[in-house]
Amino acid sequence: MPAPLPKNLQEATQDAVDMTRHLVESPGYSSSAVDSTVTIISIERTGLEENGELVSEAADVDDSQETVRLTMKTAGKATAPTPVRNDIHARLVLRMRVPERLNNNLGNMHGGCGATLVDCVTSMAIYYHTSGVAGSPWSFLGVSQNINVFYLNACPVNSVIEMEVYTASVGKTIALIAADFWLVERADGQEDDGEGPVHAGKWKRIKKTISGTHTKVDNSARLKL
């Protein structure tokens, strides 16, 4: 019996956005490092279709409403079954303001918060590789085996960071996801007040701040048993 297809772009993105909301609202540890301003900006999924041809799905994301809205940048509909079958890679771009509570007493985001963000945002990229059917590959997003974080520059409190996440390799049991964080500033002539939303308008990257990798192990089969 063939394995179920990965979720379509709409469903996978809704799951990823719901995860950001859960991280913010839950009483768990991760909520300490994830601010309510976190927002997914764009998504791209590439891979091979059933005839071995390279295909791509890409969309801009609006997560300001309960139901996520996708504006496709490639052919096809976000709600249609994905044409991707093999060698899947997903790329997400998120943005978030660094709140005061992440202060390391030097006016910058604490390194532990940066590591937690690498953990969280790389995990949500797995949604684009799974059908979500309980017991199917990566249906529970896996568990961490190793996280490496390189701190390149400080992330000042009240600054805005852009987080780009890429699934370098997702196999049957092991996944490797990479993340790069950047400081960004307004690029549309508007002044950033240090408090407002970070989704709308144009922003440009000015300095890379964090680079990390996250290795995960699939635990879906064990949980099915």
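Since every read-out is calculated from the coordinates, none of them should be taken as a lab result. The structure displayed is predicted, hence computed values, not measured ones. Here Cβ is always computed from backbone atoms with ideal geometry, including for glycine, and neighbour counts include all displayed protein chains.
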### Task
May I ask you to evaluate 6.51 cos²θ - 1.76 cosθ + 1.60, the Karplus curve with θ = phi - 60°, for each residue of the range 103-110 and list the ³J(HN,Hα) values in order in whole Hz, giving x for glycine and proline?
4, 9, 6, 10, x, 10, 5, 5
### Query
Pulled fully out, how much extra length does the chain show between N146 and R21, if you take 0.36 nm times their separation in residues and subtract their Cα-Cα distance?
42.5 nm
### Query
Under 17 Å from the Cα of K216, which lysines turn up, not counting those fewer than eight places away in the same chain?
K172
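Would you mind calculating the relative contact order of the chain from Cα pairs under 8 angstrom and at least 6 residues apart, reporting the percent as a whole number? Can you show the working numbers first?
On the way: 520 pairs, mean separation 47.4, N = 225.
Once divided by the residue count of the chain, the mean separation gives 21 percent.
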#### Entry: Spatially proximal lysines relative to K204 (Cα-Cα < 26 Å; intrachain offsets below 8 disregarded)
K73
### Coordinate range along principal axes, alpha carbons of the chain, Å, largest first
56, 37, 29
## Note on the structure
The set of residues whose placed amide H lies less than 5 Å from the amide H of S159, leaving out same-chain residues fewer than 5 positions away, is V98
### Query
So what's the gap between the Cα centers of the range 54-81 and the range 22-48, to the nearest angstrom?
17 Å
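Beta carbons within 10 angstrom, averaged per residue: use that to sort the peptides 28-36, 112-120, 188-196, highest first.
Listed from highest to lowest mean packing, they are 112-120, 28-36, 188-196.
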### Task
Net charge near E100: determine it from the other residues with C-beta under 14 Å of the C-beta of E100, scoring Lys and Arg +1 and Asp and Glu -1.
0
